[in-house]
Amino acid sequence: MSAQHETKLNLSAGLLSVTVALVLVLLKLWAFGQTGSLAVAASLTDSALDLMMSLGGLIAIAYAAKPADDDHAFGHSSAEDLAALGQSIFILVSAGVIATAAILRLLDDTVTFPEREGLGITIILFSVSITLGLVLWQRHVARKTDNKVVKADSLHYLGDLIPNVGAIIALWASATFGLYQIDSIVALGAAGLLAIGALRIGKSAWDALMDRQADPDMIAGIRAIVDGFDDVYGHHDLKTRVAGSRVFVNLHIELDGAQSLDAAHATGAALRRAIIAAYPRADVLIHKDPVGVQKHPDDHR
């Protein structure tokens with residue numbers, strides 16, 4: 001499959017994600033106005049955050065298709081981390097607002113409880129069905145392109161089914177048994193899930209912005225490839241950092257110092273291809289040293 005076709009598939013997944021999120025926001029906003037359910041409000045907030053994240057994912061996919069330029073020699077992938085960090089802060093604030101409203105409603109006997117629960121259930125069931133359709137398409141695209149942004153967005157929408165199902169349970173319990181406080185309890189649970197997800201997203205984005213190293217399993221895998229590569233006698237100073245969906249790898253390998261420059265270059269280029277074949281999102285830079293070379297006393301790093 002060509003890179004251009006992969007980009008089109010990824011963009012289609014991103015555009016569909018934005019469209020679904022926008023439709024859900026409008027439907028749930030109307031449903032909240034009709035029912036007054038805090039559980040629906042929690043689901044509405046989650047869909048609004050989905051819209052932001054989907055827009056960020058779409059922008060990230062478009063950025064990933066852009067080559068590096070003079071001002072961004074390492075590409076533009078850190079924009080993904082900046083967007084994710086901002087989104088996580090917004091999600092935490094929103095979760096706090098929902099939790100506060102739910103607690104106040106639990107403590108106040110004079111508030112108005114959910115109305116027209118059947119309408120709310122119908123809206124949420126519809127949102128669940130189109131969310132499942134979106135996830136199926138995203139997974140199809142991810143299998144074709146192996147795009148991590150699409151994979152992450154698909155996983156996020158799978159997680160969104162939890163507050164939606166919670167809203168259905170709350171509205172059903174309210175309509176069937178008169179258990180109106182279930183609405184506030186479900187809203188508290190949804191707020192907790194939002195907060196946990198926000199902290200996870202925020203930590204991942206913060207680690208990337210602080211140039212945290214790649215996953216230990218990936219580092220071990222790279223070491224195994226180098227150790228088993230022909231004509232490479234050793235390696236040192238393996239350094240990695242994550243930026244968005246990219247992983248930058250710097251590596252020194254030890255070669256026979258008596259061989260020609262052409263031969264050394266061929267070995268380094270073949271090793272680079274082998275690492276990228278195993279980790280397609282890696283950007284690999286290899287420095288070649290002769291076996292047994294000692295660090296110059298003026299080299300402090």
Ascending count of other beta-carbon atoms within 10 Å, so fewest first, for THR45, THR122, THR267: THR122, THR267, THR45
Cβ-based exposure ranking for VAL293, VAL23, VAL135, in which fewest neighbours within 10 Å come first: VAL293, VAL23, VAL135
Region 216-290 pair-distance distribution - Cα-Cα, 10 Å bins, rounded %: 19, 57, 21, 3, 0
Fewest-first ranking of LYS66, LYS239, using other Cβ atoms within 10 Å as the exposure measure: LYS66, LYS239
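Coordinate-derived values only; no laboratory data. Treat the numbers as computed from the prediction; the structure is a model and nothing was measured. Methodologically, a virtual Cβ is constructed for each residue, glycine included, from the backbone with ideal geometry; neighbour enumeration extends over all protein chains shown.
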